[in-house]
Amino acid sequence: MLQANEASGFGRKLPSYQFDAAKVIVSLDADFLGNWMNPVENGVGYGKGRKIDEKNPQMSKHYQFEGHLSTTGANADERFTHRPSETGAVALALLAAINGSVSAPSIADAKLKAGIEKAAADLKTHNGAGLVVSGSNDVNVQIVVNAINAAIGAYGSTINWGVTSNYRQGVDKRVSDLLSQMEAGQVGALLIADANPVYTYFDGERFGKALAKVKLTVSFSERLDETTALCQYSVPTHHFLESWGDAEPKSGLVSFMQPTIHPLFKTRQWQTSLLKWSGNDTTYETYLRNYWSGKIGSVELFEESLSRGIWETPGTVSAGAYSGGALANAANAISAAPKVSGAEIVLYQKVSIGAGAGASNPWLQELPDPISKACWGNYALISMKMAKELLGLDLVNGSEKSKNNYEYYPQKPVIKIAIGEKSVELPVLVIPGMNENTIAVAVGYGRADSLGKTAAGIGANVYPFAKLNGETVSYSNAVEITDMKRKEKIAQMQIHNSYEGRLDVVRETTLATFKQRPTEILDARNHLKEAYGGKEGDFRKEGTLYGVHANPGLKWGMNIDMNACYGCGACVVACHAENNVPVVGKNEVLRYHDMHWLRIDRYFVSDKENPDDLKGVVFQPMMCQHCDNAPCENVCPVAATNHSSEGINQMAYNRCIGTRYCANNCPYKVRRFNWADYTGADSFKNNQDQQTVGKLNDVVFQMNDELTRMVLNPDVTVRSRGVMEKCSFCVQRTQAAKLQAKKENRPLLDGEAKTACQQACAGDAIIFGNVNDPNTQISKVREENPQRSFLVLEQLHVLPNVTYLAKVRNTDEIIPGKGHHAKPATEHAGAEEGAHH
Amino acid sequence: MALLRYESQARPPLVDGSKDYHQVTEDICRPVETKPSKLWWVGFLISVVLLIFGIISVAVEVIYGTGQWNLNKTIGWGWDITNFVWWVGIGHAGTLISAILLLFRQGWRTGVNRAAEAMTIFAVMCAGQFPIWHMGRVWDAFFVLPYPNTRGPLWVNFNSPLLWDVFAISTYFTVSLLFWYSGLLPDLATLRDRAKVKWRKFFYGVAAFGWTGSTKHWQRHEALSLVLAGLSTPLVLSVHTIVSFDFATSVIPGWHTTIFPPYFVAGAIFSGFAMVQTLLLVTRKVLALEDYITIEHIEVMNKVIVLTGSIVGIAYLTELFMAWYSAVPAENFAFFENRLNLNSPYGWSYWLMMGCNVLSPQIFWFRKMRRNILLTFFMSILVNIGMWFERFVIIVTSIYRDYLPSSWSTYYSPSIWEIGFYMGTFGLFFTCYFLFAKFFPVIAIAEIKHILKKNGESYKNNMTEVEQEEINKFGHDHSHDHGA
């Protein structure tokens, strides 16, 4: 991209993308919500554009063209798949359809062709409010994309050259040049910090060999990674939480980092080492302070910026100076590129593991991938069609039994992916929404044992399947695949992909349908209330034999906007960290013993006849719903789970005897049982060495060691085995906020108590607060969105305190009312359940 | 004297052969007073081995946690509660035989009630193991008892069916034990009186509570029996009703079913009788008690089996009908997808249950089949397999795929420790049963003597002489007897 931008006259820079300003977003293989540029920043902007005002329903329109199903693709309104090698052709065709400045390549797939034309027409209508981004690492493709953005008036409106993005400055060619110089013995000394080329470079093996030819190799790293292992000197640097630092992620925005903890070990920050070796005896901290105090103006101003974390000099909006000079050559190069037939591999980064940096973090390893819901390892994602052709596994028209077996058993068929001498064997996951010839495999796995107990021994390294395409590395390649006729287990936290048309679980619709029948959900809910309480009666009271809890004062509630949630899983990790949720490791995930208090349910909406054609994906964050008429509370024989006066369904861990009745009776299945001593907190000594059944992975022990236990949140109890646990609405935070308010002798303010998930959500999908106060954000959101609000399984009359806002896809499709959305199924269910009570 | 000739065809003798009272005592005391056979030893040792396996399995589970079983975040109960309900159900036949049949004055019960009651007690003991050891923190199990404590406002939750279970099962066990033991008293005294060795005299002496057989003792004994029968009778209905509430009061489709109480009770009696059949067919053979546990008993019990089996069958069909008729999608799915659909992961278990519980007992409509011992034995095993699967179907196939498709679980199969625990309860059951058969009379001696004279055969024998008398002599002999 840097080179392309240079060729397009912008200089070797990256602009700022304003996803919030874009009415039409077209992504060509860019996973901008997952790992493209700054996904958090993109997510914030994107989230703004996706939220709907019910009175005037409008949202941005998102087209995605890609080979495999990415997190971003899962959120697209319209999605078209193509071979990874066709991405250039798609870009070219899009440009051709917009202004005809290049000749369109032939696109064989009619659906794809129509999609390109539709996207082009939409971009043209929304001139100045469109945005096209591409994840391609091919300079020519990016040049074409720049031409498209110029043609649709994106520069200065949705793309700002006034503020540049500085996250990425590397150019592939420099690495390959360095490698040749190293091999030629021209490099005298190589200092490596924050990089692991032996692993992440596509030809890491060659890099490793070349390291031997360098006279001095020094690696500054936190741990013994693949590169450090091959360097002559390893100089352990601080952990990032022990480090000082500065960064300018965007021009004019300087961020300062200060340590949150004293160094635990005898390490030295690598910058300090460099200073020392260069004869400067100051520490990096002093150096940094001096530099920025001078730059900002005074020590006081620096201190102020340091405590705020940022120092800003506002940038201006600039359209930059586009020049289309390089377009013709780029277009020619793309057209001339050879067509690939057969299977193609595409390497992608998981949101959790990234390029491999997250591999040694147990929380991230245990975070299920937004799409596959699998964790602890990589696997080959393939299409239904490829599964049928290659493995004889027909998940579309095959027997019900074979489909069920594929779903229910974690053992999945293994394939061998090979290019020449290089090959890996990986189990496959068949998912909808894949291009039929594409195999997608995540990078970041297959790590060296020296990296620690977390990363070692899981998955396979697929970086070697990338290739050098001219001067840049291409992360897709043509491969040979063979069925290995054996199976391997994949640890998935969710195995069923469809919500089975259960409108009591998920409400999702299209924008056109919503405009046509806006009160559909509301009507159904009112009907349900009548079934419980009649027209006048109080349905809350009438619907149950049990009493209704009085919640004077505070009553906590949560709202989740399914339109704003794009499934990244940051909330899950936040919850994991905040609440001392144990890491259980691959073996236990395989036994369905994962402990996440908060999970994101992912449902594919696809055509039954042709599941490869994915209509949409629904992400539904699911945690304890804190029901006011909770089915878990009345079944506990010892009242270990009960209702607080603030409407929280709370757990008294000490009281819990572990009958698991509550979990069985929870219709949301959000309760998590401590099946084994995951935390070492049990009163039984030495009871983590089980061998016959439920052998624990090393990572569990790692999480229990003295050092790693420092991550525990001191405000939250560590649960012992044998007790049930679940989301507490971050009760430690609500308590702390209340206490603070009490100390200051004032009422609690809205937003003072934030749950961890809410805080972590870039899309601002989660809102939490006191629902008794009509002026809180939560009350307002519920007030303002009556037509999209729904409660999951409302017909059970468990009276959840978590409301959801229905997901709306921005398409023109009208979902038929009769027999689908207006289907009286849920209403009947409610009436029937009501009768039972 | 053809006028007086009376021979009952409708009521075959309850005890075969021409026994006198002494013979009865001899026959029934023989196994207690002689050295156990080789067969007994083999059976006993196998039982003890199973029991040890069970103890190890439970120990492993207590030390390492419930994760030693293959339950998961969706399937919180599996083999544990299945086994619990199965064992409790088995106990029911004993109570039914001893209590309800006593109240209904069904004489035939005396041949089988002792063993059936013992079976009840042992089965409830086995059943109790599961809710106890399935707890994640069993050392805190006493939290379920409502006793004054220093834990502040925390008290048991009377809304919880699991707490009702605690009361139901403990009451059931207590009453059954009392009933069984009070019935044993006269027989223990008999054994004491016949004892030739000192320890036997002492042991049975203490156990017999100083029973002398005085009229006062008998009167009190009879009164107590009636009271306990009166107490036990509602228990036959209530215990399994309460067990069914564990499921019926929940919100889970497939559990939340109002038909459960009668359905569970019928099922319990059904499986209980099957278990009685299994045990008694072996007992009568091994202990040579064919004259006391007769083919008539077996036939009567087979009738109960076909009746209760059919009730259970109707309950199954009613459930299916309601699942369809109610039009509740989740319920519909639980029955038609999770159960009926053979292609679903557990579909086979539903059909196994249907085959064993509903279809196969129908052969007992035929008298010939009812009186076939081998077939009865085979069927009794089949019914118990079927009834085990009924509970498995109810528990597992309901929760493994309930409301949220995201939480639909992977396939659940038991771990070795789950199997071990179940096997262990067999060990416990049979260890107890073998000891019982060795040290206690398996037939109620005192009670069977009540019905000995109700045998048509002996009646006929006694009448033969009278029948042959001259009419005048008969008149002379009998006419003044009563008036005098």
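The values are calculated or read from the model by the stated rules, or taken from the named source; none is laboratory data. It should be emphasised that the depicted structure is a prediction, and the values quoted were computed from it without experimental measurement. Cβ placement follows ideal geometry from the backbone for every residue including glycine, while neighbour counts extend to all protein chains displayed. Calculation scope for accessible area: heavy atoms of the full protein, side chains included, ligands and nucleic acids excluded. Shrake-Rupley method; radii C 1.70, N 1.55, O 1.52, S 1.80 Å.
Here are the numbers for the structure shown:
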{"quantity": "Cα lying deepest toward the dipole's positive end in chain B, options B:Y403, B:V306, B:W218, charges on Cβ", "calculated": "B:W218"}
{"quantity": "Contact order normalised by residue count of chain B, Cα under 8 Å, 6+ apart, percent", "calculated": "32"}
{"quantity": "For A:G769, distant residues with modelled amide H under 5 Å away", "calculated": "A:G557"}
{"quantity": "√(5λ) per eigenvalue of the Cα gyration tensor, segment A:342-490, largest first, Å", "calculated": "24, 20, 13"}
{"quantity": "Angstrom value of the Kirkwood radius, inverse mean 1/r, which spans all Cα pairs in segment A:2-166", "calculated": "15.6"}
{"quantity": "Accessible surface of A:C571 - all protein chains present, 1.4 Å probe, nearest 10 Å²", "calculated": "10"}
{"quantity": "Cα-centred dipole magnitude for segment A:1-68, charges only on beta-carbon of K, R (+1) and D, E (-1), debye, nearest 20", "calculated": "220"}
{"quantity": "Span-like helix ranges in chain B, DSSP H, alpha carbon extent 15 angstrom or more, Kyte mean at least 0.5", "calculated": "B:38-64, B:113-133, B:161-194, B:215-248, B:260-286, B:295-325, B:373-399, B:416-439"}
{"quantity": "Computed over segment A:508-836: relative contact order in percent, which uses C-alpha pairs under 8 Å that are six or more apart", "calculated": "31"}
{"quantity": "Using alpha carbons only: equivalent-ellipsoid semi-axes of chain B, gyration tensor based, whole Å", "calculated": "45, 27, 21"}
{"quantity": "Alpha-carbon centroids, segment B:14-64 and segment B:155-189: separation in whole Å", "calculated": "23"}
{"quantity": "Nonlocal amide H pairs with A:T510, under 5 Å, H built at 1.01 Å", "calculated": "A:R809, A:I815"}
{"quantity": "Reachable aspartates and glutamates, given that their alpha-carbon falls under 13 Å from the alpha-carbon of A:K422 and they are not under 8 places away in the same chain", "calculated": "A:D203, A:E205, A:E480"}
{"quantity": "Area hidden from solvent between B and A (accessible, protein heavy atoms only, 1.4 Å, total, Å²)", "calculated": "6200"}
{"quantity": "Positive dipole terminus of the protein assembly as shown, leading residue within A:N810, B:N113, B:V286 (C-beta point charges)", "calculated": "B:V286"}
{"quantity": "Residues of segment A:629-649 buried by at least 40 Å² on assembly (accessible area, 1.4 Å probe, chain alone as reference)", "calculated": "A:N634, A:P637"}
{"quantity": "For the protein assembly as shown, accessible area per residue (1.4 Å probe, heavy atoms of protein chains only), Å²", "calculated": "40"}
{"quantity": "Cα centre as origin, Lys/Arg/Asp/Glu Cβ charges: chain B dipole, Debye", "calculated": "820"}
{"quantity": "Dipole magnitude (debye, nearest 20) for the protein assembly as shown, charges at Cβ of Lys, Arg, Asp, Glu", "calculated": "1880"}
{"quantity": "Inverse mean reciprocal Cα-Cα distance (Kirkwood Rh) of the protein assembly as shown, Å", "calculated": "35.5"}
{"quantity": "Residue (of A:S606, A:H593, A:C627) at the positive-pole extreme of segment A:574-629, dipole from beta-carbon charges", "calculated": "A:H593"}
{"quantity": "Set of aspartates and glutamates with alpha-carbon distance to A:K118 below 20 Å, sequence-local pairs under 8 removed", "calculated": "A:D29, A:E66, A:D77, A:E78, A:E86, A:D109, A:D613, A:D812, A:E813"}
{"quantity": "Buried on assembly, segment A:679-728 (at least 50 Å² less accessible surface than by itself, 1.4 Å probe)", "calculated": "A:F684, A:V693, A:R721"}
{"quantity": "Violating pairs (Cα-Cα greater than 26 angstrom) within the set A:K350/A:K487; A:K215/A:K276; A:K529/A:K754; B:K19/B:K285", "calculated": "A:K529/A:K754"}
{"quantity": "Alpha carbon centroid spacing (whole Å) that separates segment A:1-64 from segment A:106-148", "calculated": "13"}
{"quantity": "Interchain or long-range residues, amide H under 5 Å from A:W311's placed H", "calculated": "A:V254, A:S255, A:F256"}
{"quantity": "Over segment A:342-490, relative contact order from alpha-carbon pairs under 8 Å, at least 6 apart, %", "calculated": "37"}
{"quantity": "Nearby aspartates and glutamates by direct alpha-carbon distance to A:K555 (threshold 18 angstrom, same-chain neighbours under 8 apart not counted)", "calculated": "A:D628, A:E633, A:E646, A:D750, A:E752, A:D773, A:E783"}
